[in-house]
1. When all protein chains stay in place, what accessible area (Å², nearest 10, 1.4 Å probe) is found for B:T230?
2. If you filter region B:82-171 for GluC sites (Glu not before Pro), then keep DSSP loop positions with at most 14 other Cβ within 10 Å, what is left?
3. I'd like the carbon and sulfur percentage of the solvent accessible area for chain B, probe radius 1.4 Å, heavy atoms only, ligands and nucleic acids excluded.
4. How much length would be gained if the chain were fully extended between B:N60 and B:T38, taking 0.36 nm per residue of separation minus their Cα-Cα distance, in nm to one decimal?
5. Over region B:1-143, with the other protein chains present, what is the accessible area per residue in square angstrom, probe 1.4 angstrom?
6. Within region B:1-53, list the GluC sites (Glu not before Pro) lying in a DSSP loop whose Cβ has at most 11 other Cβ atoms in a 10 Å radius.
7. Whole angstrom only: what separates the Cα centroid of region B:298-342 from the Cα centroid of region B:84-153?
8. Taking amide H positions as placed in the peptide plane 1.01 Å from N, state which residues far from A:E8 in sequence (5 or more) or on other chains have amide H under 5 Å from it.
Amino acid sequence: MSGAADREAVFPTRQSLGIMKAKLKGAETGHSLLKRKSEALTNRRRLHHTTNIALEITRRIDEAKRKMGRVMQIAAFSLAEVSYAVGGDIGYQVQESAKSARFRIRTKQDNVSGVLLPAFESYLTEGNNDFGLTGLGKGGQQVQRCRETYARAVEALVELASLQTAFVILDEVIKVVNRRVNAIEHVIIPRTENTIKYINSELDELDREEFYRLKKVANKKQRDNAAADAEMKARREAMEKNESGASKQDSGPADILAAEDDDDVIF
Amino acid sequence: MEGLLFNVNNGYVEGIVRGYRNSLLTTPAYSNLTQCETIDDLKLQLGPAYGDFLASLPPNPSTSALASKTTDKLISEFRYVRANATGSLAKFMDYVTYGYMIDNVALLITGTLHERDTRELLERCHPLGWFETMPVLCVATNVEELYNSVLIETPLAPYFKGSLSHQDLDELNIEIVRNTLYKNYLEDFHNFVNTHSDMAGTPTAEVMSNILEFEADRRAINITLNSFGTELTKADRNKLYPTFGKLYPEGTLMLSRADDVEGVRLAVDGVHDYKTFFDAVSLGGSSGPGNMGGGSADGKSLEDMFYQKEMEISKDAFTRQFTYAIIYAWVKLREQEIRNITWIAECIAQNQKDRIGNFISVF
């Protein structure tokens, strides 16, 4: 806020002062709204976790990943069991006999204070058992069990993906909102305030100039009047002198009206 | 009587195979393997048995690389024995490879059905089931062509003929095709060892019948268990059961009618071995029907017990002399050994040491 430099380029008029005041008010309202939104979002994250947000997020994702690791390990091991029981590679056959996806996901959109969060939801299609006969001769049970284990692994994967996507998006939105809050708080509001201050000072300046000018005008008028009065007086005195010469001849009636010789009152 | 002239033609092969059997890993060797902390340690421990084959592996190889290298050893030994075999023994060894051939052909059928480039699949085929004309099958672009080439080019033709048409390849699930073929193969093999003039009435026929009957029963039971909850109808299922074995015919009939594990249990009640398996499974893990896998650490699954039994039969085969069956038994023992090594390697690689003892050690 480098003083007067940081203000908007407006003419310091009363109209623009009005505009600026309206703008400041708008900025303050917006600031409080955005602030509340940001809080709402962090609270949304707080719904999942209890206290320290950042710590909780990492902890939760960490947890999900660890679970993932465990499940994947079990799954990989069940594959080892299959290769032990079948005594060969069944991968190709499984690949080729799978026709349609058994494990599918739906995406939903969650609306959290105006932010659309995708949520993945997994489900199994019923009656889809493409390679149900794999390992019919031997190892069939292990194949089926392995399939179930891997289905669980994929489920965990989907859960993790859902969590992480939500977090990434939420994080992005929170960042944007916080940036806006900060921008309004630290840039727009001070600048508007500065502008208002500037307009005010300019207007005051103008007022002072105007006052000074009026004063000058009044002074001048006074002086002019005084000069005019003096002239008038001089003229009158001259006239009086002329008249007094004449009144010395007929002072009788004149005495009644003007017993005393007082000056004219000039206002 | 069979001992009189056996060694003239087959003595060398028998000696070699017995030598191979002696180089199989023993229980102390396995317990050394389970102590390993890394795959590299494991590689080192396997050194005496598999040295030259594992030498080319990079440090810390993947378990699948390990498995394929150990299989390579089996393949090269098998090829050596096969090259030295003559007459009916050679034929017998070809029969041994037909089982793998069925898997390979099923793989190619899958590829052709889905219009993949089947040439890429050749690498995935089991080397034991490799036959010279196999690349020819890759020329086929549709199932009918493939069907005709299989009939012409492969020794599997008799198994296709009569039970499968080319429309069947299109319509039936590949697993059903595979198991139909396998059933035909087992029956043919059984017939072969019992009727061939060199083998009928010899220990070969005796031991091999025993092994094949067990294999047939195992497949019948497995197919039944695995078909619960699938679209496989009982009538179709019945067609997949081999028509011999200890369970045949009453047990198989009951199996074909079984609706759940309990039904299977009733069906196998007549055979003591299988009855014990089922009792042990129901005692060990009551994890429900269809879920026989070792949910608990020590509970052995039905599959495990079948493997165990197979290994015992195979081991017993070596107590007989003048028989071809030891070759079959040796192949099976080696396969189990490869599975064991892979399992131990997986357990080490995935840090699941608590289940590392789940392998089957025979000697």
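The values are calculated or read from the model by the stated rules, or taken from the named source; none is laboratory data. Everything numeric in this text was worked out from a predicted model, so none of it was measured. Using ideal geometry, Cβ is built from the backbone for each residue, glycine included, and neighbour counts are taken over all protein chains shown. Surface areas here come from the heavy atoms of the whole protein model, side chains and all, with no ligands, DNA or RNA. Shrake-Rupley method; radii C 1.70, N 1.55, O 1.52, S 1.80 Å.
1. 30 Å²
2. Those that pass, being in a loop and sparsely packed, are B:E115, B:E132.
3. On chain B, the fraction of accessible area on carbon and sulfur atoms equals 51 percent.
4. 7.2 nm is the gain from fully extending B:N60 to B:T38.
5. Details: 6870 Å² over 143 residues.
Roughly 48 Å² per residue, with all protein chains present.
6. B:E37
7. Value for the Cα centre distance between the two parts: 25 Å.
8. A:T195
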